[in-house]
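So the structure is just underneath, and the comments pick up after that.
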Amino acid sequence: MGRPIISCRTSLTVNVRSIFISDVHLGTRGCQADRLLDFLRDYESEHLYLIGDIIDFWSMNRGIHWTPAQNTVVQKILRRARHGQKVMLIPGNHDEAMREYDGVSFGDILVRREYIHVTADGRRFLLLHGDEFDQVTRYHRWLAVLGDVGYNLLVRINATLSRVRRVLRRPGYWSLAGYAKNRVKRAVSFIFDFEDSVIHAVRERGLDGVICGHIHNAAVRHVDGITYVNCGDWVDSCTAIVEHLDGELELIRAWQPAAAPRPMESAPNGVAPAPTVLNPSRIELALRDREIRL
Ligand SMILES: [Mn+2]
């Protein structure tokens with residue numbers, strides 16, 4: 001036994017003021033704990049903000065998928081807290097039980113329902129998970145849980161399809177992407193609706209911006225004087241936000257997927273369209289979007 005030898009990492013640790021991550025979904029098959037560990041190895045910070053859906057209790061009700069790498073993630077975070085980094089957990093909807101512990105510290109990790117972070121350059125950002133602004137999880141919890149089951153199933157089906165595609169080395173296979181593509185437009189409108197309502201709320205409160213998660217769609221956008229920041233996720237896109245020492249916020253993509261073939265709009269001459277690399281969170285959004293219309 002023993003740890004596998006990790007290939008030599010050439011990158012040096014980057015010191016940043018803050019790290020913001022969300023939607024790690026520990027306890028699920030989809031959680032990309034290894035990539036998160038790589039990221040945490042590369043970035044050191046004074047503040048570490050965990051902005052919701054870190055441990056996925058919803059999914060664990062149906063079965064726990066807990067790997068050694070996921071254990072290490074928890075250990076590394078606890079260690080950071082022990083060594084004086086300011087670690088804060090802001091629960092999301094998948095770890096909503098933690099919301100009852102607003103203001104309580106667990107092993108040097110402070111739990112807050114929401115928090116205002118002041119950047120090095122003096123801007124005030126509201127930190128919150130963001131499900132409060134998702135009409136589905138807010139008003140139709142059972143639909144959200146249903147969508148969650150469907151999402152996990154689709155992710156697994158798609159993983160199998162990808163494997164088959166690789167083995168067969170052929171482009172003409174039935175793809176879930178086709179299924180998803182029809183709904184991309186509505187999924188995009190879901191994202192815009194979410195972002196708009198978050199931005200509206202932040203403006204009402206007289207803040208400079210917001211840093212949230214929940215919709216698995218990382219972004220740093222400036223909209224009419226408000227900075228909208230989303231941490232993305234560690235299930236699909238492997239993204240985080242860092243605040244540099246001067247207060248600048250940057251979106252880090254810890255993993256870039258191999259160049260994806262461009263999706264074709266139509267299938268000329270009866271040839272099946274080229275396979276599209278599928279973004280599972282888009283499916284999740286599409287599912288939710290469909291359910292809103294039920
Ligand atoms: Mn969430």
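The values are calculated or read from the model by the stated rules, or taken from the named source; none is laboratory data. Quick caveat: nothing in here was measured; it's all calculated off a predicted structure. Cβ placement follows ideal geometry from the backbone for every residue including glycine, while neighbour counts extend to all protein chains displayed.
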Extreme residue, nearest to the ligand (Cβ to nearest atom), among residues of the stretch 116-156 that are aliphatic (A, V, I, L, M) and at pLDDT 75 or above: 128
Grab the helices (runs of 4 or more DSSP H) fully contained in the stretch 1-111, keeping just those with 3 or more residues being within 16 Å of the ligand (Cβ to nearest atom). 57-60
Determine the pairs where a residue that is aliphatic (A, V, I, L, M), located within the stretch 97-108, has a partner that is modelled with pLDDT of 95 or more and in a loop (DSSP other than H, G, I, E, B) with Cβ atoms under 7 Å apart, the partner being 6 or more residues away or on another chain. 98/91
